[in-house]
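Student: This is the structure I want to talk about, given as structure tokens.
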Amino acid sequence: MNKKEWFFTDESALSDWTVCKKGSSKWNMFMGLPVVQKDGFIRLNCQIDGCSFITSGLQSKELLGSGSVEVKARFKGGKSSWPAIWLIDERNATRYYEIDICEYFGDNNKVKSGLFMPKHMSSVFRRWFRPKKNTKIKKGDWNIFRCEWNEKSIKIFVNGKLVINYKNNGSDKSYPQTEEDRKYNLFLTMQYAYGKPRPSQLPLWMDVEYVKYEPA
């Protein structure tokens, strides 16, 4: 994909995105709620749905190769919620790399960033968590999250501060060595039911003002 900017001032910016489908994983088990268009941003909600919950999620239709993404977002969090901005390649579900640009657990002033890498154990591909970092943000306000990745390193920034700088050590078990391995879909997801939910606090949400992508 060439350089692209999505400013969510109207629905036309959503044409390059698809709604996340409900699945069996913890992050997508309540997906299915449409994204709400607001005045200059989109809102990904989590709401009560009968006796259960329903959440919103978007993913980019096209894969993003080595380059950088920047997302301006804010959260209304609560117990059991963890809205997230992350990169993953959906083409291969059994062996993949995942970049968690940010995950916002609960209702505080910190986000968690980190990487999942494949690890071969007992002939079964599992994943291990590489460097992880808790970083302060402006609670309830807009924050800027950025990731840069290429053949040399993966860098994650929160409000301009470098919080992760993971370098290629030459091992395909700990770094995406090929360009094909470094192609990802970008996910914007409002996730719920991490731990014991508290439905009385709903609705909760993640707002996104823009996404920018620039190839390396």
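Student: One residue is enough: does region 144-159 have a residue meeting the conditions part of a strand (DSSP E or B), farther than 16 Å from L87 by Cα and of a type in the set (S, T, N, Q)?
Tutor: no
Student: Here is a follow-up. For region 162-202, which residues satisfy the criterion of being part of a strand (DSSP E or B) and of a type in the set (F, W, Y)? If you could, list the steps in order and put the result at the bottom.
Tutor: Within region 162-202, the subset part of a strand (DSSP E or B) is 162-167, 184-189.
Across region 162-202, the qualifying residues are Y166, Y184, F187.
Student: Still on this structure, I have one more. Quick one: which residue in L14, L44 is in contact with a strand residue (DSSP E or B) (Cβ under 7 Å, 6 or more places away or on another chain), touching a residue at least 24 places away in the same chain (Cβ under 8 Å) and of a type in the set (A, V, I, L, M)? Break it down stepwise before answering.
Tutor: Working: L14 fails: in contact with a strand residue (DSSP E or B) (Cβ under 7 Å, 6 or more places away or on another chain).
Sole residue among the options that is in contact with a strand residue (DSSP E or B) (Cβ under 7 Å, 6 or more places away or on another chain), touching a residue at least 24 places away in the same chain (Cβ under 8 Å) and of a type in the set (A, V, I, L, M): L44.
Student: Among S60, S81, which is crowded, with 22+ Cβ neighbours inside 10 Å, touching a strand residue (DSSP E or B) at 6+ places or on another chain (Cβ under 6 Å) and polar (S, T, N, Q)?
Tutor: So the residue among S60, S81 that is crowded, with 22+ Cβ neighbours inside 10 Å, touching a strand residue (DSSP E or B) at 6+ places or on another chain (Cβ under 6 Å) and polar (S, T, N, Q) is S81.
Student: Out of all the residues in region 126-138, is one or more touching a residue at least 60 places away in the same chain (Cβ under 8 Å), within 15 Å of the chain's Cα centre (by Cα) and closer than 25 Å to S81 by Cα?
Tutor: No - not one qualifying residue is present in region 126-138.
Student: Considering every residue within region 5-12, establish whether at least one is out of contact with any Cys (no Cβ under 9 Å at 6 or more places or on another chain), of a type in the set (V, I, T) and surrounded by 13 or more Cβ atoms within 10 Å (Cβ to Cβ).
Tutor: First pass over region 5-12, keeping only residues out of contact with any Cys (no Cβ under 9 Å at 6 or more places or on another chain): 5-12.
Within this subset, residues satisfying the condition of being of a type in the set (V, I, T) are 9.
With the extra rule that they be surrounded by 13 or more Cβ atoms within 10 Å (Cβ to Cβ), the set shrinks to 9.
Yes; the residues of region 5-12 include at least one that is out of contact with any Cys (no Cβ under 9 Å at 6 or more places or on another chain), of a type in the set (V, I, T) and surrounded by 13 or more Cβ atoms within 10 Å (Cβ to Cβ).
Laboratory data are not the source of any read-out in this text; all were calculated from the coordinates shown. The shown structure was predicted, so the numbers you read here are calculated from the model rather than taken from an experiment. All Cβ positions, even for glycine, are placed from backbone atoms using ideal geometry, and neighbour counts span all protein chains on display.
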